[in-house]
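As structure tokens, the structure follows; a few thoughts come after it.
The values are calculated or read from the model by the stated rules, or taken from the named source; none is laboratory data. Quantities reported herein were computed from a predicted structural model and do not represent experimental measurements. Please note: Cβ atoms are built from the backbone with ideal geometry, for glycine as well, and neighbour counts cover all protein chains shown.
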Amino acid sequence: MKLGIVGLPRAGKSTVFDALTKNSAGAEHKGQDRIATVRVPDDRVDALRGMVNPQKTIYAQVEYFLPGLKKDNPADPSLWMAARDCDALLHVIRNHAAYGFEKPSPARDFSKLDQELILADLVVAEKRIERITLDHQRGKKMDPQEHELLKACRDCLEDEIPLRKKPELASARRLRGFTFLSAKPILILFNNEDDDDRLPDIKDIAAAKECQVIRGKLEQELAQMSPDEAAEFLAEFNIPASAMDRVIRQSYALLDLISFFTIISNEVRAWTIKMGARALDAAGLIHSDMQKGFIRAEVVSFRDLMEAGSYGEAKKQGSVRLEGKAYEVQDGDVVQFRFNV
């Protein structure tokens, strides 16, 4: 999962990046793209490691990307190109006082950046439509479905409606290659004052599940602390969990992602997959040979495996099931694939 961090100037994007990735802030990063990979905390992986004592343990990972805005013009579509391959966007909105800036207005700032994303997408859609029309005039065969979808996108964007509001367009297979920014799921991070843990009035912005408060400066300090210091800090400021943990959990929910686990060759590993994915898809995520030669999947829930105490005991108790290609993988499943190539 790759998450892009976006926002208006002085929203606190770099501070949030440091808080989410436990990186140290530095002037040397100013204007540069920043990328960091973070291990997804998961107590279930820890428990499986304790049971199996494997030589290798691999956690799921999240990659955070902060585009380096080298210009003061966020409307420049070229500034957004690097964020197009992200799975979702984290929109950081200033909800704190800033020297030289007017009083924060989260609704205004959200709308302003959203319009920039819409404009960037409109440029892409119009250019492609122009190219398709020109090629058609030259006698080249065109894809009528792609053309109609792009025109629908253009009409939507001209009405200043982000594509994520139109699921039939946001999820259209023919449009995936365009990686429209306004079609991506967005998690809004309100960057509050240190002593403010309240969500601002968000009725006109998004559903509550798509919003979260982050006290950027506090969380930046927290990210540099030892585990013991961090635990005291969380309790003192009444923070339920670190921003890193909260954002990862909410990002999984936003993108309908779940985790399943494998124990292969003395290795415990967590995998991230879409909710509703089939066992055949999960096999392909691990290796194409597993998908091609798929026979069956041995499945046991994490809870049943922990209660049994070992994989062998879970088999004796009948907790391990044989499932076929169409089985929908559940969050927490421990899976072993039988295949032949």
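Descriptive notes on the structure:
- Residue in region 136-156 that is surrounded by 18 or more Cβ atoms within 10 Å (Cβ to Cβ) and under 30 Å from residue 104 (Cα atoms) present: yes
- Among the residues of region 291-298, none qualifies, meaning not one is surrounded by fewer than 19 Cβ atoms within 10 Å (Cβ to Cβ) and in contact (Cβ under 8 Å) with a residue 60 or more places away in the chain.
- Pairs where the first residue, in region 35-53, is free of Cβ contacts under 8 Å to residues at least 24 places away in the same chain and farther than 23 Å from residue 23 by Cα and the second is surrounded by 13 or more Cβ atoms within 10 Å (Cβ to Cβ) and among the polar types (S, T, N, Q), C-beta under 9 Å, 6+ apart: 46/57
- Number of the condition not met by residue 83 [criteria: (1) loosely packed, with under 14 Cβ neighbours inside 10 Å; (2) within 23 Å of residue 160 (Cα to Cα)]: (1)
- Checking residue 176 against (1) touching a residue at least 40 places away in the same chain (Cβ under 8 Å); (2) assigned to a helix (DSSP H, G or I); (3) not small (Gly, Ala, Ser), the condition it does not meet: (1)
- Given (1) loosely packed, with under 13 Cβ neighbours inside 10 Å; (2) closer than 23 Å to residue 3 by Cβ, number of the condition residue 127 does not satisfy: (2)
- There is at least one residue in region 130-149 that is assigned to a helix (DSSP H, G or I), under 27 Å from the mean Cα position of the chain (by Cα), closer than 30 Å to residue 210 by Cβ and at pLDDT 95 or above.
- Total residues in region 327-341, condition under 26 Å from the mean Cα position of the chain (by Cα) and either crowded, with 17+ Cβ neighbours inside 10 Å or of a type in the set (A, V, I, L, M, F, W, C) (or both): 6
- Any pair with Cβ under 8 angstrom, 6 or more apart, that starts in region 143-162 at a residue that is at negative phi and ends at one that is assigned to a loop (DSSP other than H, G, I, E, B) and not small (Gly, Ala, Ser): 152/166; 153/180; 156/166
- Taking region 232-249 as the range and being part of a helix (DSSP H, G or I), touching a residue at least 40 places away in the same chain (Cβ under 8 Å) and surrounded by fewer than 18 Cβ atoms within 10 Å (Cβ to Cβ) as the test, only 245 passes.
- Looking at 253, 243, 270, 279, just one residue is more than 18 Å from the chain's Cα centre (by Cα) and of a type in the set (A, V, I, L, M), and that residue is 279.
- Residue tally, condition modelled with pLDDT under 90 and of a type in the set (S, T, N, Q), over region 1-53: 3
- Failed item, numbered, when residue 180 is tested on (1) under 18 Å from residue 4 (Cβ atoms); (2) at pLDDT below 90; (3) not hydroxyl-bearing (Ser, Thr, Tyr): (2)
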